[in-house]
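Reviewing the structure listed below.
The values are calculated or read from the model by the stated rules, or taken from the named source; none is laboratory data. The structure displayed is predicted, hence computed values, not measured ones. Counting neighbours? That spans all protein chains shown, and the Cβs are built from the backbone with ideal geometry, glycine included. Please note that ligands, DNA and RNA were not included when accessible areas were found on the heavy atoms of the full protein model with its side chains. Shrake-Rupley method; radii C 1.70, N 1.55, O 1.52, S 1.80 Å.
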Amino acid sequence: MERPSDFFIFNFSKSPTQNHCFVYSPDPSKFIKSLDSIVLAVYSGPDIPDVIVLISAGKSGSNIADKIKNDSDQAALDRIGGKASLFFASIDIASGKIDCQPISQSKDRSPSIEKLLKGMSWAEEGLSSIFGEEEVILVAPPGYTYHKPSGESSTFFLKPDLALSSSPISSFVALSIAIRFFFTKKQKISDTKTIFVDTMAISSVAYALRDILSTSGGPPGITISSFHSYGGFDEVKRPMRGTSICLISASSSMSLHDKWISDKGVSDEDVVTLITLSMAKRADRALYALPGKNISQTKEPAKVSI
């Protein structure tokens, strides 16, 4: 069965005792209206979860959990009954509170669910599910190279925007950025005035991040500004530290990331590269580092540049 497009659904199986399925939406009210289609999609296989976690950004989740219990299609809850535990979790970026509310339980409530959520490894798993190498790494045909905006040439090109196929996926990437850079940082949230992007191809993430920050206590008029990679880099005036965040789509060398910090005089907390390769210098600074197992560089000159 095709998974509903209003949600981003991924499995998390690193728990030694249970398989978890996470269902994310930037709009928690959609869980109430679409629970039946969510459950059917989750149980379509191949892995049947022991725990289903509906998750969204926001404050206390008790009201949404109660509405899911009382207003959702009863058939959906009956499908879950005895098979899995169902939770609703809300993440309050400003306070850092994760409120996890039980909706349906197949057995005694697992005390590890809150610990699992606070560990944030589930978010990394979600990013891994989004940024699959076969989708975001373009490999040039033999004899060809890609001419990158930096002026360098390479036999491969990273394109994270190809994976941003739905609003929930873009919003989940934005949530991951908010967790990493704004979690419990109320002052940083309220001081953020601009979200820079190196290409409008990832603007959906920028707009989703603006929504999350605005509902977390940030200013309502956060500006989104594209500087078109290296082409418009010099035209961007130096922002005050702590008043902006720059989203760089991708870099196999992290060079644009470094250049933004050095030339604009900002800190490591003011810039994030969405994807890089694990062999890149200080790859941990990127939101997600691809293993890049199938990438091989050649020193032979290419005949044609793409």
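Data overview
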item: Selected residue (criterion: surrounded by the most Cβ atoms within 10 Å (Cβ to Cβ)) from residues of region 182-209 that are more than 17 Å from LEU274 (Cα to Cα) and in contact with a helix residue (DSSP H, G or I) (Cβ under 7 Å, 6 or more places away or on another chain); result: THR192
item: Among (1) closer than 20 Å to SER190 by Cα; (2) open to solvent by 20 Å² or more (accessible area, probe 1.4 Å); (3) at pLDDT 95 or above - the single one CYS246 does not satisfy; result: (2)
item: All positions within region 51-67 that are surrounded by fewer than 20 Cβ atoms within 10 Å (Cβ to Cβ) and closer than 13 Å to ILE103 by Cβ; result: SER62, ASN63, ASP66, LYS67
item: Which listed residue is more than 17 Å from THR273 (Cβ to Cβ), open to solvent by 50 Å² or more (accessible area, probe 1.4 Å) and not in a strand (DSSP E or B), from PRO142, PRO219; result: PRO142
item: Output for region 254-263, where each listed residue is in contact with a Ser or Thr (Cβ under 8 Å, 6 or more places away or on another chain) and touching a residue at least 12 places away in the same chain (Cβ under 8 Å); result: MET254, SER255, LEU256, HIS257
item: Subset of region 181-190 [in a helix (DSSP H, G or I), farther than 16 Å from SER90 by Cα and out of contact with any Gly (no Cβ under 7 Å at 6 or more places or on another chain)]; result: PHE181, GLN187
item: Every residue from region 256-278 that is open to solvent by 40 Å² or more (accessible area, probe 1.4 Å) and either over 24 Å from ILE130 (Cβ atoms) or in a strand (DSSP E or B) (or both); result: ASP258, LYS259, SER262, ASP263
item: Scan of region 5-21 for residues that are buried (at least 22 other Cβ atoms within 10 Å of the Cβ) and assigned to a loop (DSSP other than H, G, I, E, B), ordered by number; result: PHE7
item: Residue within region 222-234 that is open to solvent by 20 Å² or more (accessible area, probe 1.4 Å) and within 28 Å of LYS59 (Cα to Cα) present; result: yes
item: Subset tally (residues that are crowded, with 23+ Cβ neighbours inside 10 Å and without any contact (Cβ under 8 Å) to a residue 24 or more places away in the chain) for region 22-50; result: 0
